[in-house]
Structures are given as C-alpha cells and as structure tokens.
C-alpha cells in the first residue's frame, strides 16, 4: 500500500504545550514537521529553517503571489504562512505531516485538504492554563490577561475540531495524538484501494 | 470526566485472528469483553460464561421475549445473542466494551448504538487468509472452500465498517485497534461536557 501521507493540524490554547507535544511527535514517531515562514524578526537563539523561515516582507508577498503558501495570515503586524511545496512533497511521498497552526489557518487547511486531521490541544482546566502561563515567568500580568482573553475566544472554535486532546500528562497526550493519527490511517476511506484489491483476489482465488 | 464507555464491535474474516486480537485487547488494556449466549452445544474445553453462555432453546427464546439481547441471529441452526444487561451496565460504568460479532449483527448494533465503533479485521491478502485456514489443519478442503466463499460475501460488507485493520503482525494489529479506541475517546463529540465546562471556566476566570 503506497498511501498518501496524512496532514495533521494541531492547534490549541497558548500555554497548552503545543510546541513540546509537536517536538515529541517528530522525535518519537518520525512525523514530518512543516516549518512556517514569517516576516517577524528572529528572536535570540532562533535558527532560520528550524523555528521559522525568516522572510522579508517583499519575499513573503512574492510567495503569496506565486501561490507558495497553502495558508497565510497576518498576526500582530507580521505575516505567517505554511509553505506549499514541502507539504505537498511530503504527503506525496507517503509521509505524515504535522502543522502547528492557529484556528483560522486550521479552517483554511480543512477546506483545501478535507482529509486533514484537526486536533485541538488543551489543558484540563482554565485554572491550569493560567497557572502555566504564570509559571513561564516571562509574561507580564497584562500579557497573561490578554492570553486568557484570547483563550476564551479560541474556546468558541474548539467544536470545529474533530479531536480534543487534554495535555495533562505529556506522555499520555503524545500517545493520544499518535493514536489519532494511527486510527485515521485505518479508516475505511483511507483503505479503498486495499479493499478493492482484497475483493478482486477473493473472487479470483 | 465520568464519561460513558465506548462500544467496540469487531468483525472480520474467519481466519483473520479475531479471537486472538480480542483476547489481547482484554489482557493488555483491560477492556470488558461481552460474552455471547448460544444454543449450540459446548465443545470440548469450552466453559459456560467464558466462550459462551450456553442456553437451551427455551431459555434463549424466553430471553428474546424479554428483550434480553441487544442483537441475536440464527447461524447454522443455532441461535447466538449479545446479552443486553452486561453491555448496558459496563457502558454506564464508563468501561469500554468489546463485542466480537459477524457482519449482520454489527449493523444491528450500529443502528441501536450510533456511537459504537465498527472495526473489520482482515489478513493482508486473500492468499494469506487461505494459508491460515489451511494451516489450522483442522478443516477439510470443502470447509476451507466454504469459508473462502463466505469471506468473499463478507468482503462486500467491509465498506460498511468505519475502520479496516490488517492483522499481519499481531502486536501492530492490537496496537492499531487500541489506537482506534483511544482516538475515538478524543473525538469532539465525546467531549461535549468537557468543552462546555472549559468555556464556562474561561468566562469566569
């Protein structure tokens, strides 16, 4: 079975641990990670092509014109986009590709790739979410309040996701997300060719 | 989250290894196994309540009258049925329940329990299926031919299942089925109460 890869879209509250979960999925299960392009300046320690592909505004606009992104959006004055070439190439090669992306982008992806798997990561409660944001120690009270307000907005979109995964224990969470990907590969709709071949062979035997 | 348990229906070709897979799911993951009732006579080594609940025809008919089965069928002159009380009790207690059942019964279950998970087990090819039936060494050529004919009929119903799992390597197969169960528990539709509570809490915080 030389099947096409699956496209896995991971969204979730800021503070739910998306980055850590995605990193583990790539390390433990070898999934391909799509790296976004952005016009924002690199932060200390960020490497071009690892955290992001850092682009000038002109380069980014040019990529939009050439249909180079499967989705893009502006967020706090900077552009972010998902490069089309990498995703298409990996899927065609049968690799499962993970995108970490916000809600609006996820909805755009679903329109273009109806078979993509939409997963929303959350803490087990709002109190824990707030604790984690405070625990980072890097954010001011004002920023935390803003993030919590945004979480409330994002919670309105949770239902649009097919899967809700609680990141309480990291190992369990990573295992749950992987289970979703494995299960999706077993869906009848993903195995049409196999079923057809099986039937033909049963007729002929 | 005191969620209801999930009902998992496993069907598949005779020779695909349903019994072994189900046994492993119960042993490795602690799922509850529904034991069927039947009017056929116990075979050597079979224990009442383990392989089947062995019932007289009168007892069985009486149970039908009292709505004691969630599905029942006649097969080669004997009756087989899934006792309702056990399934309902386990689901209410939040336990995941496994039924090993043939295609027609599976369709009946799906009508009554729309959230049940239908999984079809298969070998990776018809040739392997035939090999396994021959390998058992217990069946005559005529019986094997009959089983293969039945497999062809059953293959027409494969598409009615949500999931197709190939039992090539047993560990992988058991892992795949478990992934399907875990993934199903993460479906948004299974987490309506959780999402509602999360939203309320985010509003209040």
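Is the stretch B:65-182 rounded, prolate or oblate when judged by the Cα gyration tensor, a ≥ b ≥ c being the square roots of its eigenvalues, rounded requiring a/c under 1.5 and prolate requiring a/b larger than b/c?
Numbers: a/c = 2.14, a/b = 1.37, b/c = 1.56.
Note, shape of the stretch B:65-182 comes out oblate.
Which order results if B:198, A:195 are arranged by neighbouring Cβ count within 10 Å, fewest first?
Working: B:198 24, A:195 18.
So the ranking, lowest neighbour count to highest, is A:195, B:198.
Along Cα→Cβ at 7 Å, what distances in nm separate the residue A:29 label point from those on the other copies, shortest first?
Those label-point separations list as 1.4 nm.
Using only helices, what value at 222 nm comes out for chain B when you add -39,500 (n - 2.57) per DSSP H run of length 4 or more and divide by the total residues, to the nearest 500 deg cm²/dmol?
Details: 8 runs with 94 residues, N = 205.
Calculated at 222 nm, the ellipticity per residue is -14000 deg cm²/dmol.
What distance in nm lies between label points placed 7 Å from Cα along the C-beta direction at residue A:157 and residue B:134?
5.7
Please compute one quarter of the surface area of the Cα convex hull for the protein assembly as shown and express it in square nanometres. If you can, show how the numbers build up before the last one.
Working: hull surface 93.7 nm².
Over all viewing directions, the protein assembly as shown projects a mean Cα-hull area of 23.4 nm².
If you take the square roots of the eigenvalues of the alpha-carbon gyration tensor of chain A and sort them as a ≥ b ≥ c, do you get rounded (a/c under 1.5), prolate (a/b over b/c) or oblate? Mind showing how you got there, number by number?
Details: a/c = 2.22, a/b = 1.43, b/c = 1.56.
Since a/c reaches 1.5 but b/c is at least a/b, the shape of chain A is classed as oblate.
Taking beta carbons within 10 Å but only from partner chains, what does the mean come to for residues B:124-136? Show your work: numbers first, answer last.
Working: counts 4, 6, 9, 3, 1, 4, 3, 0, 0, 0, 0, 0, 0.
So the per-residue partner count for this stretch is 2.
By how many degrees, 0 to 90 and rounded to 10, does the Cα axis of helix A:170-186 deviate from the longest principal axis of chain A?
Value to nearest ten degrees: 30.
What angle do you read, to the nearest 10 degrees and between 0 and 90, between the alpha-carbon axis of helix B:103-112 and the longest principal axis of chain B?
20
Expressed as an acute angle from 0 to 90° and rounded to the nearest 10, what is the orientation of the C-alpha long axis of helix B:126-135 relative to the principal long axis of chain B?
For helix B:126-135, the angle is close to 60 degrees.
Using 1/(1 + (r/R0)^6) with R0 = 56 angstrom and r between the beta carbons of residue B:104 and residue A:56, what's the FRET efficiency to the nearest 0.05? Show your work: numbers first, answer last.
Details: r = 64 Å, r/R0 = 1.14.
Efficiency, rounded to the nearest 0.05: 0.30.
Once you put a point 7 Å from the Cα of residue A:169 and another 7 Å from the Cα of residue A:65, both along the Cβ direction, what distance in nm separates them?
5.4
For the stretch A:1-31 and the stretch A:127-146, what is the separation of their C-alpha centers, rounded to whole Å?
24
Taking a spot 7 Å from the Cα of residue A:4 along the direction of its beta carbon, which residues of the stretch A:80-97 have an amide N less than 12 Å from it?
A:88-95
When the label point is put 7 Å from the Cα of residue B:78 along its Cα-to-beta-carbon vector, which residues of the stretch B:1-37 have a backbone N closer than 17 Å?
Of the residues in the stretch B:1-37, B:14-15, B:19, B:35-37 have backbone N under 17 Å from the label point off residue B:78.
Taking a point 7 Å out from Cα toward Cβ as the label site, list the nm distances between residue A:156 and the same residue in every other copy, smallest first.
5.1
Mind sorting A:50, B:24 by how few other Cβ atoms lie within 10 Å of their own Cβ, fewest first? List each step's numbers first, then the result.
Working: A:50 10, B:24 18.
Ordered by Cβ neighbours within 10 Å, fewest first: A:50, B:24.
Defining the label point at 7 Å along Cα→Cβ, can you sort the distances from residue B:192 to the same site in each other copy, shortest first, in nm?
3.1
Springs between alpha-carbon pairs under 10 angstrom, Gaussian network model over chain B: which of B:104, B:112, B:160 fluctuates most?
Looking only at B:104, B:112, B:160, the biggest GNM fluctuation is shown by B:112.
Just check the stretch A:35-94 against the gyration tensor rule for me: Cα atoms, a ≥ b ≥ c as the square roots of the eigenvalues, rounded for a/c under 1.5, and otherwise prolate or oblate depending on whether a/b exceeds b/c. Display every interim value, and only then the final one.
Values: a/c = 2.26, a/b = 1.33, b/c = 1.70.
In terms of gyration-tensor shape, oblate.
Along the Cα→Cβ direction, 7 angstrom out, place labels at residue A:85 and residue B:141. What is the inter-label distance in nm?
Spacing of the two 7 Å Cα→Cβ label points: 6.2 nm.
Computed from the coordinates by the stated procedures, all read-outs in this text should not be read as laboratory data. Please read these numbers as outputs of a predicted model, since none were measured by experiment. A quick note on method: Cβ atoms are made from the backbone with ideal geometry, for glycine too, and the neighbour counts reach across all protein chains shown.
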